[in-house]
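Notes for the one structure printed next.
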Amino acid sequence: MPVGTYLGFDFGIRKIGVAVGNLETGTANPLVTILAVEQKPDWLKISELIDSWQPTGLVVGVSKREDGSDNLVTPRIMRFSRQLEGRYALPVHQVDERLSTFEAKQLLFDETGVNATTLWKVQDQVAASLILQTWFGEVREDCC
């Protein structure tokens, strides 16, 4: 797996959280929340991030039900993954993100005590950083 910078995405119908991380260090940081345009990804903003960060690859969290079956958003997430790959010719990796937004809310509420408005603005980018860290952990486990 090539080391370098990766962008992680927590896809949602109304907003997409984005994080940036480095495979070599295994660290990820929240970056930005992109609001959807008519329930579609804002490709202009995503393109700006790709151009700015020049990532080695992209990681998308795939949400499923607790039993592992698809939920209502899963097909849209898979479509978003395919679109990323087609538009940017970068490898797109997927990771189970069933609890990432819940974990992000817990982390923000418990550790920083943010208010509800701030929570709504940043929870998805924090979830994206958890998605990236999860994927980094899986890749490092497989290789070492």
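What's the total number of residues in the stretch 30-63 that are in a strand (DSSP E or B) and touching a strand residue (DSSP E or B) at 6+ places or on another chain (Cβ under 6 Å)?
12
If you scan the stretch 26-45, which residues turn out to be farther than 27 Å from Gly137 by Cα and either exposed (fewer than 14 other Cβ atoms within 10 Å of the Cβ) or of a type outside the set (Gly, Ala, Ser) (or both)? It would help to see each step written out before you state the result.
The first filter runs over the stretch 26-45 and keeps only residues farther than 27 Å from Gly137 by Cα, leaving 35-45.
Those that are farther than 27 Å from Gly137 by Cα and either exposed (fewer than 14 other Cβ atoms within 10 Å of the Cβ) or of a type outside the set (Gly, Ala, Ser) (or both): Leu35, Val37, Glu38, Gln39, Lys40, Pro41, Asp42, Trp43, Leu44, Lys45.
Cβ-Cβ distance below 9 Å, separation of 6 or more or different chains: which pairs start in the stretch 84-110 with a residue that is at pLDDT 60 or above and end on one that is surrounded by fewer than 16 Cβ atoms within 10 Å (Cβ to Cβ) and among the basic types (Lys, Arg)?
Hits for this filter: Val92/Arg82; Asp96/Lys64; Glu97/Lys64; Arg98/Lys64; Arg98/Arg65.
If we scan the stretch 1-19, do we find a residue that is part of a strand (DSSP E or B), in contact with a Pro (Cβ under 8 Å, 6 or more places away or on another chain) and surrounded by fewer than 19 Cβ atoms within 10 Å (Cβ to Cβ)?
Yes.
So, in the stretch 64-92, how many residues would count as being part of a strand (DSSP E or B) and not β-branched (Val, Ile, Thr)? Walk me through it before giving the result.
Filtering the stretch 64-92 down to residues part of a strand (DSSP E or B) leaves 64, 70, 92.
In the following step, the residues that additionally are not β-branched (Val, Ile, Thr) were identified as 64, 70.
Residues meeting the conditions: 2.
Given (1) in contact (Cβ under 8 Å) with a residue 60 or more places away in the chain; (2) more than 14 Å from Trp135 (Cα to Cα); (3) polar (S, T, N, Q), identify the lone condition not met by Thr27.
(2)
The values are calculated or read from the model by the stated rules, or taken from the named source; none is laboratory data. Bear in mind the structure is a predicted one, so any value in this text is a computation, not a measurement. Virtual Cβ from ideal backbone geometry, glycine too; neighbours counted across all protein chains shown.
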